[in-house]
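*Asks:* Dumping the structure here so I can ask a few things about it.
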């Protein structure tokens, strides 16, 4: 379980590195033009559409052959893709072809990541004591942001250590080489993992679904819809409220690239700190009330924070980033166990793929690009915050109708 949780560090280092490094990659692969950042973010959005496909393919494989095998396959793909990105020719070497090659490898990465996080969360939920599911599943959320923290930290060090010319020529390759090495190490560590005890028991009893996708879309389709709603707010609060922040601060002239990345490192640390706290609170008081409180906060606070971050100076930018990180981290931590608890073990990965990952593709991959263009079209720094608020308001009615799933709360009510 420790290997499974900690392996998300590498997964999210590899994947979020692109966003933290987007202003550099835009110059390397798309040129120095004013629209290069927009092209790079559009590539991120396009590749993100591969996440549901990867989650579905690897989810069905994991429901039929085991969580461990699915996680081994996803990490192997990520290792190879990251190494190839580090070896890509730049625009100066290959012209527009360089940008297309980067997009293709990002699609491969997104395919692998699609089945990675859901497999880890399912593995943790199925192996944890029922009364501690929220806390233990939050390990995946918190550890993933350790990967985000590592990506932000490495990006900041690289940007500050190399001259602009060296960074464009070869310095940008360093973070991707580090990611490839880390991913290979996790693949080796995963080879020593045992299978999920819940899956092992189902396999011994001959209770493996022949068509887990049909089961998820049929008897468990309500869980798919709830997972989609929960993940929609988690995705937009993370990708707009956290990983888009460096590009936002640079685009609005609030600070330079290096300083913005340093600020993102502190925000990632906040995400890590609040994750286990939120998981423990949801174990004690229930998933539903905790998620309602976080969603209401997301409906009110971000719209006011973004203008303050853009025009209020360094301290307000830091404070706003920390608050947004706390909202995102709390929601993601509780969502990890809540979404998994919507499904039986027979269709858990397939259900998470259809609900959680499809929402991530829409509200995660497109969000940074939409936020960038919303600021450009409206001229208002408030636009990204309004995007988060709209989704939060839409999710609250679903939460009000959602049944409680925390085992400790259900036990107190005499329902289990």
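The values are calculated or read from the model by the stated rules, or taken from the named source; none is laboratory data. Values in this document were obtained by computation on a predicted structure and should not be read as measured data. All Cβ positions, glycine included, derive from the backbone under ideal geometry; neighbour counts span all protein chains shown.
*Asks:* Run down 9, 46 and say which single residue is surrounded by fewer than 24 Cβ atoms within 10 Å (Cβ to Cβ) and within 13 Å of the chain's Cα centre (by Cα). Walk me through it before giving the result.
*Replies:* On the way: 46 fails: within 13 Å of the chain's Cα centre (by Cα).
Being surrounded by fewer than 24 Cβ atoms within 10 Å (Cβ to Cβ) and within 13 Å of the chain's Cα centre (by Cα) holds for just one of 9, 46, which is 9.
*Asks:* I would also like to ask the following. How about segment 319-336: which of its residues are buried (at least 24 other Cβ atoms within 10 Å of the Cβ) and over 11 Å from residue 230 (Cα atoms)?
*Replies:* Going residue by residue through segment 319-336, those that are buried (at least 24 other Cβ atoms within 10 Å of the Cβ) are 320-321, 324-325, 327-336.
320, 321, 324, 325, 327, 328, 329, 330, 333 - these are the residues of segment 319-336 that are buried (at least 24 other Cβ atoms within 10 Å of the Cβ) and over 11 Å from residue 230 (Cα atoms).
*Asks:* When segment 13-40 is examined, which residues are found to be more than 18 Å from residue 176 (Cβ to Cβ) and either crowded, with 20+ Cβ neighbours inside 10 Å or modelled with pLDDT of 85 or more (or both)?
*Replies:* 36, 37
*Asks:* From 151, 209, which residue is modelled with pLDDT under 90, crowded, with 18+ Cβ neighbours inside 10 Å and outside any helix (DSSP H, G or I)?
*Replies:* From the options 151, 209, the qualifying one is 209.
*Asks:* How many of the residues making up segment 214-234 are in a helix (DSSP H, G or I) and crowded, with 18+ Cβ neighbours inside 10 Å?
*Replies:* 13
*Asks:* Taking the criterion of being under 20 Å from the mean Cα position of the chain (by Cα), modelled with pLDDT under 90 and surrounded by 24 or more Cβ atoms within 10 Å (Cβ to Cβ), would at least one residue in segment 126-136 satisfy it? Break it down stepwise before answering.
*Replies:* At the first step, the residues of segment 126-136 found to be under 20 Å from the mean Cα position of the chain (by Cα) are 133-136.
So of that shortlist, the ones also modelled with pLDDT under 90 come out as none.
No: zero hits.
Yes/no per residue for (1) closer than 25 Å to residue 32 by Cβ; (2) crowded, with 24+ Cβ neighbours inside 10 Å; (3) free of Cβ contacts under 8 Å to residues at least 12 places away in the same chain; (4) in contact with a strand residue (DSSP E or B) (Cβ under 8 Å, 6 or more places away or on another chain):
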position	(1), (2), (3), (4)
167	yes, no, no, no
238	no, yes, no, no
241	no, yes, no, no
256	yes, no, yes, no
261	yes, yes, no, no
269	no, no, no, no
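*Asks:* Name the residues in segment 196-206 that are touching a helix residue (DSSP H, G or I) at 6+ places or on another chain (Cβ under 8 Å) and surrounded by fewer than 17 Cβ atoms within 10 Å (Cβ to Cβ), would you?
*Replies:* 197
*Asks:* Which one is nearest to residue 285 (Cα to Cα) among residues in segment 393-415 that are part of a loop (DSSP other than H, G, I, E, B) and within 26 Å of the chain's Cα centre (by Cα)?
*Replies:* Filtering segment 393-415 for residues that are part of a loop (DSSP other than H, G, I, E, B) and within 26 Å of the chain's Cα centre (by Cα), the one nearest to residue 285 (Cα to Cα) comes out as 406.
So that you can scan it fast, the table gives a plain yes or no per residue for (1) closer than 21 Å to residue 39 by Cα; (2) surrounded by 20 or more Cβ atoms within 10 Å (Cβ to Cβ); (3) in contact with a strand residue (DSSP E or B) (Cβ under 9 Å, 6 or more places away or on another chain):
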{"residue": "53", "(1), (2), (3)": "no, no, no"}
{"residue": "58", "(1), (2), (3)": "no, yes, no"}
{"residue": "72", "(1), (2), (3)": "no, no, no"}
{"residue": "75", "(1), (2), (3)": "no, yes, no"}
{"residue": "86", "(1), (2), (3)": "yes, no, no"}
{"residue": "97", "(1), (2), (3)": "yes, no, no"}
